[in-house]
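Have a look at the structure below before the remarks.
The values are calculated or read from the model by the stated rules, or taken from the named source; none is laboratory data. Treat the numbers as computed from the prediction; the structure is a model and nothing was measured. Quick reminder, even Gly has a Cβ in these numbers, built from the backbone with ideal geometry, and neighbours come from all protein chains shown.
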Amino acid sequence: MKITEFFQNELNVTNLDVESKEEIFKVLFKKLYDNGFVKESFLDAIIKREKSFPTGLQLNKYNVAIPHTDPEHVNKPAIAVATLLNPVTFKNMANPVEDVKVSIVFMMALNEAHSQVEMLQQMVQLIQNDSVLEKIINAKGGGEIIDIVKNASFILN
């Protein structure tokens, strides 16, 4: 399955002005829930999982977070994206005592456990490209984010 199939215009938010990861989670959850992708239990599951297994990633130029949770909270797979007006603090996935100032959040809603590893691998390939992340940060809307990801899909082959 290609990662590009999981991005939907209505699930993306650009220049989100929030102060905490919980606020980001609520905004992206609402988009996923209102569009039928996740169950009501998804938000609590994301928040709980983030406390035990942080998802902030320290990268070269732009830091990202990839929150996700167990498949039983998901109706159909999707990836919701938020670009942040101001970076928000997440705990570092590699070293949970460290903070990471995150500028882009990719919330993954996957309904099959085995697909998480494959999607995370494709996501890592995508986020390791600084120019792709910069284009996503500068995107003016959800449709533009989808175009950027589709144009970057050559990276994922």
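Computed quantities for the displayed model
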| quantity | calculated |
| --- | --- |
| Index of the failed condition, LYS21 passing every other in (1) surrounded by fewer than 19 Cβ atoms within 10 Å (Cβ to Cβ); (2) basic (Lys, Arg); (3) within 12 Å of the chain's Cα centre (by Cα) | (1) |
| Evaluation of ASP70 against (1) closer than 20 Å to LYS51 by Cα; (2) at pLDDT 95 or above (one fails), failing number | (2) |
| Selection count where residues are within 21 Å of VAL97 (Cβ to Cβ), not aliphatic (A, V, I, L, M) and not in a loop (DSSP other than H, G, I, E, B), scope the stretch 30-68 | 6 |
| Residue list for the stretch 51-78, filter: over 14 Å from the mean Cα position of the chain (by Cα) and surrounded by 15 or more Cβ atoms within 10 Å (Cβ to Cβ) | GLN58, LEU59, ASP70, PRO71, HIS73, VAL74, ASN75 |
| LEU85, sole failed condition from (1) surrounded by fewer than 21 Cβ atoms within 10 Å (Cβ to Cβ); (2) over 18 Å from LEU16 (Cβ atoms); (3) touching a residue at least 40 places away in the same chain (Cβ under 8 Å) | (2) |
| Unmet requirement for ASN15, which otherwise passes all of (1) surrounded by fewer than 16 Cβ atoms within 10 Å (Cβ to Cβ); (2) part of a strand (DSSP E or B); (3) touching a helix residue (DSSP H, G or I) at 6+ places or on another chain (Cβ under 8 Å); (4) not small (Gly, Ala, Ser) | (3) |
